[in-house]
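Colleague: Take this structure first; my questions come after.
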Amino acid sequence: MSDTSTTWTEVSRSQARKTAEDHALVLEARGIASGVVTVFGQHVVLVGVADAARARAELEKYVRENQDWPPREAARPPIRWSVGAALVYCAVLVALDLAARRESFGLDWWHAGVADAAMIRDGAWWRSVTALGLHADFLHLASNLAFGSVFGVMLGQSVGFGVAWLAFVVTGGIGNWMNAWLQLPSHASIGASTAVFGVLGVQVAHDWVRRRQLHYNLFRRFAPIAIGAALLSWLGGDGRQMDANGLPKTLGDLHAALPQIDVGAHVLGFATGLVLGWLLGWSKAHMRLTAWMQAALAGIAAGLVGTAWWLSFV
């Protein structure tokens, strides 16, 4: 700034001195001489007139590359939306359970909706979704109502209620579909636990990515993974599967045929959730969704379930 033969011009102005000093440092790194002066509380970066155009271009590039830095925690949406969506989830599961047990509308919901591996392999993909709504007994239903609601509300607070419940249906459906290809053709399963573990997987991966972006210490970054693995092993015994040559003919036969744990579906649902959660954590697209957009995604989730059941009866 001591060269009186140089005419100086302004290229940056800010209220924070650190911002002005950062801009000056960027210009210095690019070989452009600059200085910072304070004028009426504003910190101004000056460069020589001959370097002004190049300096402004460098600063514009710097601002573009750092506009989302440092990353900040996303604002939490009102929890009432997530709780409301969880109540809808509970209502749907209870309604499907009652419909199946009472054979509402004269339909055999059990045999139409079970995730039969052979049928799924033959193209009946919708059974991967309909099976999420069928449960063997009250304890099976109650556990998925409880854990599904808790994990759904948690994920809804992280990524939005619409994204959370669409992830529930997608991860559950994909988990059941992949499981059908890994099991024997005689394998069949029911229950929402595949989707419950899918949502847990989304939460674990999303939290891990976000904590890494926010430069949390190593312990806090890996805590979600440890918690997710612990819950997977602890809660993994909730599923119900059938591994017989034919589907049970009565509800009593069905109950007797479901003593085993469908670990494969749980693990695949969790793994699918990990992939989806990782993608959500890095894309951050869900942070820009409005409440109406989230509601639309929740509607798509409900539409997928409805379409799957429609296909199972046509």
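Colleague: Pairs under 6 Å by beta carbon, first residue over 18 Å from Gly269 (Cβ atoms) in the range 103-123, partner assigned to a loop (DSSP other than H, G, I, E, B), six or more apart or different chains?
Modeller: His111/Leu247; Ala118/Pro185
Colleague: Which one of these is within 10 Å of Trp8 (Cβ to Cβ) and open to solvent by 60 Å² or more (accessible area, probe 1.4 Å): Val44, Val37, Val49?
Modeller: Result: Val49 is the single residue among Val44, Val37, Val49 that is within 10 Å of Trp8 (Cβ to Cβ) and open to solvent by 60 Å² or more (accessible area, probe 1.4 Å).
Colleague: Here is a list: Arg102, Arg121. Which entry is farther than 29 Å from Leu280 by Cβ, at pLDDT 95 or above and basic (Lys, Arg)?
Modeller: Details: Arg102 fails: at pLDDT 95 or above.
Residue meeting the stated conditions: Arg121.
Colleague: Cβ-Cβ distance below 7 Å, separation of 6 or more or different chains: which pairs start in the range 277-290 with a residue that is within 15 Å of Gly162 (Cβ to Cβ) and end on one that is surrounded by fewer than 17 Cβ atoms within 10 Å (Cβ to Cβ)?
Modeller: Listed by first residue and then by second, the contacts come to Met287/Ala74.
Colleague: Pairs, please: C-beta under 8 Å, at least 6 apart or cross-chain, first residue in contact (Cβ under 8 Å) with a residue 12 or more places away in the chain and under 20 Å from Ala50 (Cα atoms) and in the range 6-34, second among the hydroxyl-bearing types (Ser, Thr, Tyr) and open to solvent by 60 Å² or more (accessible area, probe 1.4 Å)?
Modeller: His23/Tyr62; Val26/Tyr62
Colleague: Here is a further query. Mind checking whether some residue in the range 118-126 is buried (at least 24 other Cβ atoms within 10 Å of the Cβ), hydrophobic (A, V, I, L, M, F, W, C) and in contact with a strand residue (DSSP E or B) (Cβ under 9 Å, 6 or more places away or on another chain)?
Modeller: No; the residues of the range 118-126 include none that is buried (at least 24 other Cβ atoms within 10 Å of the Cβ), hydrophobic (A, V, I, L, M, F, W, C) and in contact with a strand residue (DSSP E or B) (Cβ under 9 Å, 6 or more places away or on another chain).
Colleague: Is it true that some residue in the range 247-263 is assigned to a helix (DSSP H, G or I) and modelled with pLDDT of 55 or more?
Modeller: yes
Colleague: Spot the failing condition for Trp125; the list is (1) in a helix (DSSP H, G or I); (2) under 24 Å from the mean Cα position of the chain (by Cα); (3) under 15 Å from Phe313 (Cα atoms), and only one is missed.
Modeller: (1)
Colleague: I'd like to verify a number: residues in the range 290-314 that are of a type in the set (A, V, I, L, M, F, W, C) and open to solvent by 60 Å² or more (accessible area, probe 1.4 Å), how many?
Modeller: Within the range 290-314, residues that are of a type in the set (A, V, I, L, M, F, W, C) and open to solvent by 60 Å² or more (accessible area, probe 1.4 Å) number 8.
Colleague: For the range 280-314, which residues satisfy the criterion of being under 17 Å from the mean Cα position of the chain (by Cα) and assigned to a loop (DSSP other than H, G, I, E, B)?
Modeller: Of everything in the range 280-314, those that are under 17 Å from the mean Cα position of the chain (by Cα) and assigned to a loop (DSSP other than H, G, I, E, B) turn out to be Lys284, Leu289, Thr290.
Colleague: Just to be sure before I move on: is Ala131 farther than 20 Å from Asp97 by Cα, buried (at least 23 other Cβ atoms within 10 Å of the Cβ) and in contact (Cβ under 8 Å) with a residue 60 or more places away in the chain in the structure I sent? Lay out the reasoning, then the answer.
Modeller: Details: farther than 20 Å from Asp97 by Cα: no; buried (at least 23 other Cβ atoms within 10 Å of the Cβ): yes; in contact (Cβ under 8 Å) with a residue 60 or more places away in the chain: yes.
When the stated conditions are applied, Ala131 does not pass them.
Colleague: Follow-up question, since we're still on this one. Within the range 143-175, restricting attention to residues that are open to solvent by less than 10 Å² (accessible area, probe 1.4 Å) and polar (S, T, N, Q), which residue is nearest to Met287 (Cα to Cα)?
Modeller: Across the range 143-175, the extreme among qualifying residues is Thr171.
The values are calculated or read from the model by the stated rules, or taken from the named source; none is laboratory data. What you are looking at is a predicted structure, and each value in this text was computed from that prediction instead of being measured. With ideal geometry, Cβ positions are generated from the backbone for all residues, glycine too; neighbour counts draw on all protein chains shown. Protein only, heavy atoms only, side chains kept; ligands, DNA and RNA dropped before computing areas. Shrake-Rupley method; radii C 1.70, N 1.55, O 1.52, S 1.80 Å.
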